[in-house]
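> Would you mind keeping the following structure in view while I ask a few things?
The values are calculated or read from the model by the stated rules, or taken from the named source; none is laboratory data. Being a predicted model, the structure only gives us computed values, none of them experimental. Using ideal geometry, Cβ is built from the backbone for each residue, glycine included, and neighbour counts are taken over all protein chains shown. Side chains included, ligands, DNA and RNA excluded: accessible areas come from the protein's heavy atoms. Shrake-Rupley method; radii C 1.70, N 1.55, O 1.52, S 1.80 Å.
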Amino acid sequence: MVQITGNRFVLNWINTLQLRLADSGYARAGREWHMEEACSSFSRVYYVHKGCGWIEQDGKRMLLREGHMYLIPVGYRYAYGCEEQFDHLYFHINIALSGTEDLVSQLRRVIELPMKRSDIERMVILYHSPDTDDALTVSQRLYRDVIAFIRHAGIHNEPTPAYSVMVQDALELIREQLSVKLTVERLSQMLNVPASTLSKRFRRELGIPLGAYMDSLLFQRAQQLLLFTDLSIGEIADLLEFCDPFYFSRYFKHHQKETPSRYRKRMTEDVHPSP
């Protein structure tokens with residue numbers, strides 16, 4: 001007799017949790033690596049290879065030290081820089097939960113974990129390799145390290161958080177009608193609730209302003225369309241309801257510090273390097 005046992009909890013997590021890579025690279029940074037105010041629509045994973053950087057929030061500075069890896073969660077506001085040298089392998093990721101909420105968006109602190117220098121060196125070598133097996137190994141190790149960050153942070157949420165009906169309805173509408181024209185005011189009208197009430201409830205339950213959340217998802221959607229479709233810049237602009245491609249490009253450059261076409265070209269070259 002064959003006996004089979006299942007685990008719906010595992011099945012639910014696998015079906016609802018998805019790690020998306022928005023960008024990655026190996027940066028050799030000097031004093032020019034500096035910004036007074038940063039706030040990403042993605043989480044940043046840093047593997048510090050050589051040197052030392054820093055991030056600062058509310059006057060408290062945290063060093064990014066060689067031989068450590070770091071998770072800077074989505075929505076975290078901070079300044080960053082380095083004094084001399086900061087060579088690091090980075091990954092910009094979103095850990096999507098049920099298509100909307102990012103699993104680590106509840107975090108309000110940076111996670112630091114020690115890592116053997118030899119392991120970081122190995123990650124850097126694997127990252128620069130054109131071999132498919134090495135790329136898969138990098139992906140496997142990134143997943144492993146993200147799990148380590150989540151465990152260290154003590155995140156044990158169910159795959160579908162228990163939000164109020166108002167917030168659940170808002171999340172559903174955002175997912176269905178995401179575009180640049182979807183504002184807090186328009187969303188509140190669709191839900192027939194005051195904008196101030198919706199904004200306060202949303203921030204209390206998700207820990208992020210409603211407008212910032214929608215903007216974060218809009219930017220993520222733009223990245224996904226650029227990376228995973230063959231749509232032109234104009235077609236993506238129309239799909240996201242920007243008034244024209246120029247406005248979309250300006251919006252994208254504000255978030256990414258490069259144009260949509262440059263981002264697509266760079267990421268495509270990274271995935272399919274020229275011989």
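> For the stretch 65-198, what relative contact order do you get, as a whole percent, if you take Cα pairs closer than 8 Å and at least 6 residues apart? It would help to have the intermediate numbers written out before the result.
Values: 85 pairs, mean separation 32.6, N = 134.
Contact order relative to length: 24 percent.
> Would you calculate the separation in nanometres between label points at GLU241 and ASN192, each defined as 7 Å from the Cα along the Cα-to-beta-carbon direction?
The modelled label-to-label distance comes out at 2.0 nm.
> For the chain, what is the convex hull volume of the alpha-carbon atoms per residue, in Å³?
180
> Would you list, by chain and number, the lysines whose Cα falls below 24 Å from the Cα of LYS181, excluding same-chain residues fewer than 8 positions away?
Cross-link targets: LYS200, LYS253, LYS257.
> Leaving out ligands and nucleic acids, and using a 1.4 Å probe, what accessible area per residue does the stretch 37-128 come to in Å²?
Value returned for the stretch 37-128: 41 Å² of accessible area per residue.
> With a 1.4 Å probe and all protein chains in place, put HIS152, HIS68 in order of accessible area, largest first.
HIS152, HIS68
> State whether the stretch 98-234 is rounded, prolate or oblate according to the following rule on the C-alpha gyration tensor (a ≥ b ≥ c being the square roots of its eigenvalues): a/c under 1.5 gives rounded; otherwise a/b larger than b/c gives prolate, and the remaining case gives oblate.
oblate
> Students often check this: by mean Cβ neighbours within 10 Å, which of 56-64, 73-81 ranks highest, and how do the rest follow?
Most protected by this proxy first, the peptides run 73-81, 56-64.
> Here's another thing I want to ask about it. 222 nm [θ] for the chain, helices only, -39500 (n - 2.57) per DSSP H run of 4+, per residue, to 500?
One gets -14500 deg cm²/dmol as the mean residue ellipticity at 222 nm.
> Round to a whole number: what % of the accessible area of the chain belongs to carbon and sulfur, probe 1.4 Å? Could you put the intermediate results ahead of the total?
Details: 7880 of 15370 Å².
Within the chain, the accessible surface is 51 percent carbon and sulfur.
> First select every other residue whose beta carbon is under 14 angstrom from the beta carbon of ASP119; then total the charges, Lys and Arg +1, Asp and Glu -1.
+2
> Mean Kyte-Doolittle of at least -0.5 and a Cα length of 20 Å or more along the axis: which whole DSSP H helices of the chain meet both?
Correct list, ordered by number: 132-153, 210-228.
> Next question. Would you check the accessible area of LEU231, probe 1.4 Å, heavy atoms only, in square angstrom rounded to 10?
60
> Can you tell me the relative contact order of the stretch 143-240? Whole percent, Cα pairs under 8 Å, sequence separation 6 or more.
24
> Just to be sure I understand the model, the point goes 7 Å from the Cα along the line to the Cβ. What's the resulting ARG77 to SER139 distance in nm?
Placing both labels 7 Å beyond Cα along the Cβ direction yields 3.7 nm.
> A further question on this structure: Taking the Cα centre of the stretch 163-272 as origin, work out the dipole magnitude from +1 charges on Lys and Arg Cβ and -1 charges on Asp and Glu Cβ, in debye rounded to 20.
Details: 15 positive and 14 negative charges, 92 e Å.
Dipole magnitude for the stretch 163-272 comes out near 440 debye.
> Could you tell me the accessible area of MET190 in Å² (1.4 Å probe, neighbours in place), rounded to the nearest ten?
Its accessible surface works out to 80 Å², give or take rounding.
> First obtain the Kirkwood hydrodynamic radius of the stretch 22-92 from its Cα pairs, then insert it into the Stokes-Einstein equation at 10 °C and 1.306 mPa s, and state the resulting D in µm² per second as a whole number.
132
> Over what distance in Å are the Cα centres of the stretch 172-234 and the stretch 24-49 separated?
Going from one Cα centre to the other spans 26 Å.
> How would you classify the stretch 160-275 from its alpha-carbon gyration tensor, with a ≥ b ≥ c the square roots of the eigenvalues: rounded for a/c under 1.5, else prolate if a/b is greater than b/c, otherwise oblate?
prolate
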